[in-house]
Each structure stands twice: as structure tokens, then as C-alpha cells.
Amino acid sequence: MIKRQTTINRIFRMSGIGLHTGRTVTLEFLPRREPGIAFVAGGKLIPARYDMVADTRLSTQVAAEGASVATIEHLMAAFYFTGVTNCLVYIDGPEVPIMDGSAWEFYHEIWRAGVYEFPETGVYLKVLRPVESSHGDAWVRVKPLNTLDITMTIEFRPPVGRQRKRVMDVENAVTIINSRTFVLHEEIEAIRKAGLAKGGSLDNAVVIGEDDIINPQGLRYRKELVNHKILDLIGDLFTCGYRILGKVEAHKTGHHLNNLLLREIFADPANYAIY
């Protein structure tokens, strides 16, 4: 269990294609003494924080002083799973690269860099009262618990249908880290007309066809799709700047509702405690 603030042991770089822009992007990871994860884009410092979230269409984007960084959720989940609380990430493009569609490559490279521990605490946010955000039949809520316990439900047309997954030992959930983003085949054209998913391919996303998964190798796990929604949720929740302790239940949630949940938590200091 993480008890103190941490950072990476050494500088390293990663490059890849942006899912929505199709551009090659390079990230440079630097140790950071100050609390939190932050990006440097266009010479501007952009905290990877819930109150800096500017767009949640198909990804989570943070922005400050006219600069922005999109598709941060998988990298944020990798920081969560490696236990890194403080890091500075220089980026030379508008979004974090998609890599293989999961958080695995980020996770692996952060572990290779190693983790350095500071004496300071203040890494946990303990939920003290139930909080919820919802829209239509989609919702996400959290209530007090002394660990992070997540139950996610998704519903799509066949062949996905309804999937439910509960993860109680979140810190050791390798199948969550390694599960890829996904899209319905019939939605791809509209997404691209909106100027998004220019870098999407079968190498970095699961595509759900009319009757089956289109990717030649199929799924990595039977519940890979609901696994990935948990991955997104963890990455989004880590933009609170802390490791949340609470029982989280989610149904058809997405980046927008995940961000609203954090805003609801921080709206009243009686909802949480930091330690």
C-alpha cells in the first residue's frame, strides 16, 4: 500500500501515435518534487487535475493558459498502478499517444524507470459521505470504504451485451492495465467526420463488428471491454490528485460523469479527508 508521495527515479522518453490526431508524439518523463502529475505543453504547465479538465469527448483533456493535452486517462491509470504520485511530463503534441490502446506500455516503462519515495504523506483521499453523478440511465457513485473497491457495468448491443466486473484488489489488477480501448464499427465514420480517431487502427483499439470482434486475434480477456472501462475510470479518478479510498459503483459511465463525480466530491470539504 502506497504511504508516501513518490516520483520516478530517472528521466525517460516514449513516442507513439495520437489516437485522435494521428500525429507522432513524444513524451519525456522527469522526476518531480511538487505533488501531483503535470504536463508541459507549448511551454505551459498543465496540472493533470480534475478542475483543469476542458473536454471529455471520447477522452479526458486538460488545459491551461491556451495549451491543452488530450487522451491522458491511460497514462494517468499507469501512474496510479505504479504508485507514482508526482511526475512532470513534457509533450510535443496535442495528446498522449495511444500506444496499444491499454495502459500496459506506460506501466512497463514507469516501472523500468523505478520509483523514488519522499517522506511526505498526503496521497489518499478518503470518501466520508456518499457522492453521485448521473445523466439519464448512466451513473457513477462512491461511498465510504477503507480501500478502493470498483464495480463497473456496461451495456452495448451484441456481441458485447451487458458486462459486469468487480475489482477489489485494484492495485494488482494486471488484466485491467492490459485491456484495450474499443469502439463499435458503425460509429467509426461519425467519429472521424468529427475530426477524431485519425490514428485509430486494429493495432490500438478493439473494433466490435455486427456479429463478432473484428480484430484478428480477438480479445485479450473475456471481459476486456468492461476491464477497459475500469481502466478509464481509474485514470479519470486519479486526476483528483490522490488515491481514492471508497466503494465505487458505475453503470455506463464515461469521462464526463467521472469528472463530474470528482467535482461533486470537492464541492463540499465534508465529503472527504486527505492523509
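Computed quantities for the displayed model
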{"quantity": "Region 124-274 - share of DSSP beta bridges that are antiparallel (%, nearest 5)", "calculated": "60"}
{"quantity": "Phi to ³J(HN,Hα) by Karplus 6.51 cos²θ - 1.76 cosθ + 1.60 over region 109-123, Hz, x for Gly, Pro", "calculated": "6, 5, 5, 4, 5, x, 10, 10, 9, 8, x, 6, 9, x, 10"}
{"quantity": "Percent of beta bridges antiparallel (DSSP, the chain, rounded to nearest 5)", "calculated": "70"}
{"quantity": "C-alpha center-to-center spacing [region 160-221, region 1-64] in angstrom", "calculated": "23"}
{"quantity": "Per-pair calculated FRET efficiency, R0 = 25 Å: Ser201 and Phe12 via Cβ, rounded to 0.05", "calculated": "0.50"}
{"quantity": "Selected from Glu187, Glu249, Glu117 as most flexible by GNM, with the chain as the system and alpha-carbon contacts under 10 Å", "calculated": "Glu187"}
{"quantity": "Segment Tyr90-Ser134, extension gain: residue separation times 0.36 nm, minus the distance between their alpha carbons", "calculated": "12.4 nm"}
{"quantity": "Cα centre as origin, Lys/Arg/Asp/Glu Cβ charges: the chain dipole, Debye", "calculated": "540"}
{"quantity": "In range of the label at Asp100: residues from region 1-32 whose backbone nitrogen is under 18 Å from the point 7 Å along Cα→Cβ", "calculated": "14-19"}
{"quantity": "Label point distance in nm, Val115-Thr24, each placed 7 Å from Cα along Cα→Cβ", "calculated": "3.3"}
{"quantity": "Cβ-defined net charge surrounding His74, 10 Å radius [Lys, Arg +1; Asp, Glu -1]", "calculated": "-3"}
{"quantity": "Total formal charge among the other residues, if their Cβ is under 12 angstrom from that of Thr253, Lys/Arg +1 and Asp/Glu -1", "calculated": "-3"}
{"quantity": "Net length gained if the chain between Met1 and Asp51 were fully extended (0.36 nm per residue, minus Cα distance)", "calculated": "15.3 nm"}
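Only the coordinates and a few stated rules stand behind these numbers; no lab work does. Values in this document were obtained by computation on a predicted structure and should not be read as measured data. Please note: Cβ atoms are built from the backbone with ideal geometry, for glycine as well, and neighbour counts cover all protein chains shown.
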